[in-house]
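Down below is the structure, laid out as structure tokens.
Nothing in this text is a laboratory measurement; each read-out follows from the coordinates by a stated rule. Note that the structure is predicted; figures quoted are calculated from it, not measured. Note that we place each Cβ from the backbone using ideal geometry, even for glycine, and neighbour counts take in every protein chain shown.
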Amino acid sequence: MPNLRSTIFSVAGLLSVLWLPARLHAAPQQSGEPMVPPPPPPGAAATLPASPSLMRGSSVAVSPSGQAIAAPTWRLTLNNLLVLRLNPVGLEDQLRFGFQRRLPDMPEQQGRLFADRFVFFGIAPRLNPAFLKIGPSIEIQPLSIFNLRIAAEYVGFFSTFGFLQSYPSAQDEYSDKLLATCASTDATVRQSCSYRDADRVQQLGSDERRNYKASGFHMMIEPLVQMKLGPFALRNKLALEYWYMKVREGDRVFFDVTLDTLVPAHGWVLANDLDLLWVSKFGLVAGVRYSVVMPFYSGNEVRPGESAANIQNGLQRLGPTLAYTFFDRGFTRFNKPTLLLVTGFYLSHRYRMGQEPAAILPGVFVQNPAMPYLVLGFSFQSDLLKPARR
């Protein structure tokens, strides 16, 4: 489990980027030269691909020759990311749709730090076979290196593919094999469903499937820091998530497959993704990602008499990531088609380091500590407004 030291290290890495230098000095004006400001250099956001739960905007594009292209003042944008995930299993379509306004130029300030500035308001729905998440999303990017997203969403689980399942305590078991057994449509298979009830009495077998329909509220505060120096880029997204789910009476936590942990029914979770990337001039981005997830248990997430201390429900992953963007044609109806591969080897996890069989496909389990987290994705960007004539 990621302890407090590892979490502080990850967050400190995010904050330290704020102090990295940027090229802030414009070329001196020559005598008699017309006052025509040069096009802004592209910021990091203009060159970095989307990744799961990390779709952000940009107000700068890059032409094939490397020339920066400023966005229209107003845009109606659509970003789409379709992902297939293994270990844990998932299939999800993520959208970012809304109006984006490029912030006014600052003639007295030139360079990458001020090149990519905007505000965005829209929706960011996420749909997969197990649940729907939809609600408003606001982004503000006052500097090229910093983006703040605040979003709130309705969450509805369909009672499909084994979700939602909830528990009376964060100490309870939630391995992939157990989740599948307790949600099986086969009553004979459910006889192997093992769980503890509200009084901590061990139960074996379940007459009904343990998954059920549920809904609730989810809020996210997500600061993103990004910096590009030469061909190298650093990107860090911190997510502070608050959940308020209507779970079964007596239950206090539920399993969320995206976070891959037991989440407080009424409480907070921290998640952090740190990327170190190499950005080529021909559309390829390669690098490494370090991920941390840590649920916060206040003591209300366990049964009376149980302790929330030392519960091993956090996780850490480290692994390579690749993305290839086929073309970037500016602010067009179909742009930046990108293939994405994200892998992560588990550094800590309650179940996915060989302790229990892990699902790599529905109904297919592997018990191997070397089995990585794997995401395959495809993303694109669309501008739906006709650019105004200059």
Q: Output the direction-averaged projected area (hull surface divided by four) of the convex hull of the alpha-carbon atoms of the stretch 245-360, in nm².
A: 10.6 nm²
Q) Is any residue of the stretch 180-195 close enough, with backbone N under 19 Å, to a label point placed 7 angstrom from the Cα of ASP207 along the Cα-Cβ axis, and if so, which? A) 182-195
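Largest first and in whole Å, what are the equivalent-ellipsoid semi-axes of the stretch 309-390 based on the Cα gyration tensor, each being the root of 5 times an eigenvalue? Write down the numbers at each step before the final one.
Working: eigenvalues 316, 41, 26 Å².
Semi-axes, largest first: 40, 14, 11 Å.
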Q. Taking θ as phi - 60°, what are the ³J(HN,Hα) couplings along the stretch 321-332 by the Karplus curve (6.51, -1.76, 1.60), each to the nearest whole Hz, with x for Gly and Pro?
A. 9, 9, 8, 10, 9, 6, 6, 9, 9, x, 9, 10
Q) Mind checking which lysines have their C-alpha under 30 Å from LYS281, skipping anything on the same chain fewer than 8 residues away? A) LYS228, LYS237, LYS336, LYS386
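Would you please classify the overall shape of the stretch 195-236 from the alpha carbon gyration tensor, given that a ≥ b ≥ c denote the square roots of the eigenvalues, rounded means a/c under 1.5, and beyond that prolate means a/b larger than b/c while oblate covers the rest? Each step should come with its number before you reach the end.
Values: a/c = 4.14, a/b = 3.13, b/c = 1.32.
It comes out prolate by the Cα gyration axes.
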Q. Using r as the Cβ-Cβ distance of ARG200 and LEU374, and R0 as 41 Å, what FRET efficiency do you calculate, to the nearest 0.05?
A. 0.70
**Q.** Cα-Cα separations in the stretch 259-308 greater than 12 Å, expressed as whole percent
**A.** 71 percent
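For the stretch 175-220, just say rounded, prolate or oblate: build the C-alpha gyration tensor, square-root its eigenvalues into a ≥ b ≥ c, call rounded for a/c under 1.5, and beyond that prolate if a/b exceeds b/c, oblate if not.
Prolate.
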Q) Say the dipole of the stretch 255-390 comes from +1 at the beta carbon of Lys and Arg and -1 at that of Asp and Glu; which of ILE311, VAL292, LEU376 then lies farthest toward its positive end? A) LEU376
Q. Lysines near LYS213 by alpha-carbon distance under 26 Å, same-chain residues fewer than 8 away left out - which ones?
A. LYS133, LYS177, LYS246
Q: Treat every Asp and Glu Cβ in the stretch 145-302 as -1 and every Lys and Arg Cβ as +1, leave all other atoms uncharged, and give the resulting dipole magnitude about the Cα centre to the nearest 20 debye.
A: 560 debye
Q: Distance between Cα centroids, the stretch 263-294 to the stretch 117-139: provide it in whole Å.
A: 18 Å
Q.
Give me a comma-separated list of calculated 3J(HN,Hα) values for the stretch 219-236, in order, Karplus coefficients 6.51, -1.76, 1.60 applied at θ = phi - 60°, integers in Hz, x for any Gly or Pro.
A. 10, 10, 10, 10, x, 10, 10, 9, 8, 10, 10, x, x, 10, 9, 10, 9, 9
Q: Report, in whole Å, the centroid distance computed from the Cα atoms of the stretch 230-259 and the stretch 171-213.
A: 24 Å
